[in-house]
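**Q** Okay, handing you the structure first.
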Amino acid sequence: MSEDDDDGASPPDRSYPPPPPADAPTADESGGSIVLGLVLGLVGTVLGSFGPPLLTAYAGGGWWLLPLLLLPVVLVAGIVLTVKRSTRRTGAGMLVSFAVGLVVFAGTCLYLLSQLEFG
């Protein structure tokens with residue numbers, strides 16, 4: 001038999017990729033909770049987007065600018081958390097929910113503006 005040297009334990013002649021480096025992070029080690037990031041980003045975006053009209057209607061004065069400061073804060077916090085390895089998933093969740101929140105806000109704003117009757 002020509003297969004006397006083959007004990008059946010070695011794989012056939014295929015090339016396999018090299019194993020990942022020992023210090024490569026796994027999904028469990030990347031850190032943070034994506035759900036927490038989604039919630040934090042969405043809450044910050046909703047407050048920053050819908051806060052100015054609500055404060056203008058009910059509080060008056062110059063308070064309507066205050067919630068607008070939340071939008072850059074949520075964006076910068078999401079970027080900072082994404083760069084840091086231990087909170088990468090939380091930051092990614094914040095950035096995703098920030099983008100989704102702005103799209104939802106823009107759609108809602110356009111819908112409400114289209115319902116106004118001028119004249």
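The values are calculated or read from the model by the stated rules, or taken from the named source; none is laboratory data. Keep in mind that this is a model prediction, so the values were computed, not measured. Heads up, the Cβs are rebuilt from the backbone with ideal geometry, glycines too, and the neighbour counts pull from every protein chain shown.
**Q** Residues GLY37, GLY32, GLY41, GLY91: which one is of a type in the set (Gly, Ala, Ser), under 18 Å from PHE105 (Cβ atoms) and modelled with pLDDT of 75 or more?
**A** Result of the check over GLY37, GLY32, GLY41, GLY91: GLY41.
**Q** Can you pull out the residues in region 41-62 that are under 12 Å from the mean Cα position of the chain (by Cα) and not in a helix (DSSP H, G or I)?
**A** Passing the criteria: none in range.
**Q** Would you please list the contacts, defined by Cβ atoms under 6 Å and residues six or more apart or on different chains, that run from a residue in region 105-119 that is touching a residue at least 60 places away in the same chain (Cβ under 8 Å) to a residue that is assigned to a helix (DSSP H, G or I) and of a type outside the set (Lys, Arg)?
**A** Pairs found: PHE105/SER49.
**Q** Restricting to region 63-119, and then to whatever is of a type outside the set (A, V, I, L, M) and part of a loop (DSSP other than H, G, I, E, B), can you tell me which residue is nearest to VAL39 (Cα to Cα)?
**A** LYS84
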